[in-house]
Structure formats: C-alpha cells, structure tokens
1. Are any residues in the stretch 386-437 at pLDDT 95 or above and on the phi > 0 side of the Ramachandran plot, and if so, which ones?
2. Might you check whether a residue that is surrounded by fewer than 17 Cβ atoms within 10 Å (Cβ to Cβ) and not in a helix (DSSP H, G or I) occurs anywhere in the stretch 289-297?
3. Counting just the residues of the stretch 310-333 that are without any contact (Cβ under 8 Å) to a residue 40 or more places away in the chain and assigned to a helix (DSSP H, G or I), which one comes out nearest to residue 253 (Cα to Cα)?
4. If you go through the stretch 197-205 one residue at a time, do you hit one that is within 23 Å of residue 114 (Cα to Cα) and assigned by TED's automatic domain parsing to the domain that holds residue 120?
5. Report the residue count in the stretch 395-411 for those that are assigned to a helix (DSSP H, G or I) and touching a residue at least 40 places away in the same chain (Cβ under 8 Å).
6. Filter the helices (runs of 4 or more DSSP H) completely within the stretch 64-148 down to those with at least 3 residues that are farther than 26 Å from residue 363 by Cα and either in contact (Cβ under 8 Å) with a residue 40 or more places away in the chain or assigned by TED's automatic domain parsing to the domain that holds residue 175 (or both).
7. If you go through the stretch 153-208 one residue at a time, how many are assigned to a loop (DSSP other than H, G, I, E, B) and under 20 Å from residue 431 (Cβ atoms)?
8. Which of (1) in a loop (DSSP other than H, G, I, E, B); (2) within 16 Å of the chain's Cα centre (by Cα); (3) closer than 20 Å to residue 300 by Cα does residue 219 not meet, given it meets every other one?
C-alpha cells in the first residue's frame, strides 16, 4: 500500500519487534459515572460490572492533565462521547463500556486521541451548522489525524492506532456529504489489517483492549467484503474467543457466525473470479463447498440468544441473509423464474426478522440490503425503504441512505428496465455505492 493511497491512510512506520504494553498495564480503574455519557444509557438493564464483550474495568481513570487539550476541543470531545456511542452501538447497554475503553486509550496520548475523536465531533457540529462553515475545520482535523497515524509505532501504540483508524472510518460513516468516490474505509481497513498482522508476526500478543477495537474494524471489514465479493482482510481467528458468549457492541450475538461469513466471503471471491463459463468439475466443487457451508449456517446457534429479543432478531436476520446470499452465488438474479421465486421467499423471511422497532434495527443494514434486492412488488419495496429509513432515524449513518440509494437507483431500476439487476454485479460496477455497514 503506497503513501499516495493514503492520504491514503498508509502510515509510514513499520512494526517494531517488541513491546511491554499489556492490557493489565492500561486497565487503570474507571468510574463509569465520571465519563462523558457514562451513566446515560436509558434502557440499560445490566449492572456495569456485567457489561458484555469486555472484561470488568476497575473503578477510576487517571485525571486528564490540565492543558492536555484546549477548551474548544473539550467541548467537541464531549459531543463525541455524548452522542456517537449512543447512535452507533447495537444497544445502549454497551455505551458505558465503549466510552470507558476509549478513555483507557485516551489517557496514554490525550492530544492524539482527542484529535481523532474531535474529528467525529466536528462532523456532528458541521452537520448541525448546515451552512458548511465548519467543514474546513473538520477536514483539517482529519488531515492531522492521518498525519499522526503515519508516525505512530504499532509495537508500542497499537491501541491508539486502531482507535484512530476507527475514528477516521466513522467520520465517513456519519458524514452525509461524503460521496461514494470519496470513501476510503477499505484503505483504512487494509492498513489496519497490515499493522495487526505485522504485530502478531513479530511475536507480540494482542491485549484484550486491542481486540476490543479490532472487533469493530473486523465487523466493518466483513460487511464490506461480503458486499464486494472478496475475502475479508482481518481474519476472525485474530479476535474471536469461542468461549466468550457475551454479545458484542456491534456484532450483537453474531460473533460466532463470523467464521462462517468469512467462508462465505472466500466462496464469493472464488466464484467471482470464475465469472466466465466454467466446467462441470469446477461447478461441482463450488456446489459442494456451498452445500457444506449452507448446512453449517443453518445449524448455527447465536450466542446469548436469551439475552435480548433485539439481539436474537438481529442474529436470525444475519443468518437468513447469509443463506440468501449463498443461494444467489450459485443461482444468480434473473437466471431462472424458479430461482428468483426461491430467492424472493428467502428475502421475505429476512424481512420478517426486520419487522421490529427502529431501535432494534441499528445494525441491520446488510440483511436489509440482501433482502431488498429481491423485492419487486410495490408493497414489499415500500416496506424495505421504511426499514432503511428506520435505521437512519436511530443510527445516523450516511451509509444507510447510500445503500438505500444503491438498491433503488441501481438494482430496482435495472430490474424494472429489463437490465442486469444482480446486486453482486452492480456492486462491482459501482464501487462505493454499496456500503451497508
């Protein structure tokens, strides 16, 4: 990956060979009520000590040194903490752990981390201003965050770098002005994967805090990889703990589904590479792989299914969408009337899981995409559009609206006009438009 690719986001530093950083050294005690937004999770039902997906965080954070950040930055930083986690996580029970984890990294490098988080806060401020007056400040913060990321040392500052990469990606996700050709999240993910791999290959062990941030990047990577028919960059074996049945702030109860989605990404890429007519032997190989994967996806059970009806519906929607995508890999859209009818029935099953209140749909953009692309009747399409608008109403990501636009302007229009309406082909033809993250 070149420097040109990153303004590109390709930090220049190489991973060093050793590190004394461990999560134990960073996990100073934290008082959640003292954190911005720390006690505001309105529908929280779990005590903080049993908050899922991250180990217990003791009760206090070192005081931020006076003068570490400016008064203006403090206000923008507060906006980040009091808004961003609430809109992004799958359920408000996860707000405290997300804020606490961020503060643990913040204490190591207040200025660098504050700049990254203020980049997100600036997008919210700029969006509220509506006149574009704050756009130069927002872009300047992004540029400074990128410049800082380039000179960080992964062997000593991995958690900071992961958080900064997440912040840069989040800026694009919430910025309604971001155009498809301007999206760089794939470059950020590729860079993050490269530093993670170098870190591990050098013999260093990932802290639980690093894995916490990697999971967020890995989910983003998985969804984009599925949508663009390519292998994911961040391997699931890096971050997945099969023995941990706690839900995740972004994956919900689907953490153990991710290895199966990883296989789906690999199969999709292999089939995509053989887009030209293939012989019986290759067809048989793909069919056997698909049959085996289908059986395992059907047999998959989500972790902590009883924890929340919201998480259960979310998990079932992802499983049903994965089965639909798997079917379409072998039976492309428009290949036969029978295949289209089967896919429609599978899509309606996905949509049944999405008949939930908006709060329950926060992270359901991908299954909504997979199902919506099969719908033809006006009533079905209206229902699908309502799902996307519901997602945007509670998780103000521009990507949800961009994905809806991809469905309506690319897939539905092509089908109605008698053109190729296979979303898999269209996502390759119009990169940056299909972003169901």
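1. 418
2. Within the stretch 289-297 (the criterion being surrounded by fewer than 17 Cβ atoms within 10 Å (Cβ to Cβ) and not in a helix (DSSP H, G or I)), the answer is no, since none of the residues qualifies.
3. 316
4. Initially, the stretch 197-205 is screened for residues within 23 Å of residue 114 (Cα to Cα), giving none.
Checking the stretch 197-205: not a single residue is within 23 Å of residue 114 (Cα to Cα) and assigned by TED's automatic domain parsing to the domain that holds residue 120.
5. Residues meeting the conditions: 4.
6. Details: elements: 71-88, 95-106, 110-129.
Qualifying helices (runs of 4 or more DSSP H): 71-88, 110-129.
7. 7
8. Only one criterion is unmet by residue 219, namely (1).
The values are calculated or read from the model by the stated rules, or taken from the named source; none is laboratory data. The shown structure was predicted, so the numbers you read here are calculated from the model rather than taken from an experiment. Note: ideal-geometry Cβ built from the backbone for every residue, glycine included; neighbour counts use all protein chains shown.
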